[in-house]
1. Which order, highest average first, do 67-76, 31-40 follow once you tally other Cβ atoms within 10 Å for each residue and take the mean per peptide?
2. Note down the nm distance, to one decimal, between modelled labels 7 Å out along Cα→Cβ at GLU83 and at LYS61.
3. From the backbone phi of the range 66-72, what are the Karplus-calculated ³J(HN,Hα) couplings (6.51 cos²θ - 1.76 cosθ + 1.60, θ = phi - 60°) in whole Hz, Gly and Pro given as x?
4. Amide H to amide H, which residues 5 or more places from GLU38 or on other chains are under 5 Å from it, using H placed in the peptide plane?
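Any read-out appearing in this document is the output of simple, stated calculations on the displayed coordinates, not a laboratory observation. The shown structure was predicted, so the numbers you read here are calculated from the model rather than taken from an experiment. Positions of Cβ are generated from backbone atoms using ideal geometry, with glycine treated the same way; all protein chains shown enter the neighbour counts.
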Amino acid sequence: MWKLLRDRRLGQFKCRRQTPVGPYVADFCCPALKLIIELDGGVHVLRTDSDAARDAWLTAKAGFTVLRFDNEAVLGNPAVVLEAVRKHAERMR
């Protein structure tokens, strides 16, 4: 995913990986869009409550929008995931 987001490939916006946001570390963060992109492996099936609490904090307290994608989606069809992120970024401009 990083290869798809680095070097301002999300339009003019810079993305960072493994970025601290409050008490959490976001997989990918675009501060200018207040957007966090999380990639979820299989263990997240067991962590739905903690993921929901995390997303709620990131949204309510830090003002970010959180997009979550399964690792399988990213590995199987990264173009579709990137297009979803781009569409969201366009709506937020």
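1. Working: 67-76: 14.2, 31-40: 19.1.
Per-residue mean Cβ counts within 10 Å order the peptides as 31-40, 67-76.
2. Those two pseudo-labels are separated by 3.7 nm.
3. Per residue, the Karplus-derived 3J(HN,Hα) values read 10, 10, 10, 9, 5, 4, 4 Hz.
4. Hits under the 5 Å cutoff: LEU67, ARG68, PHE69.
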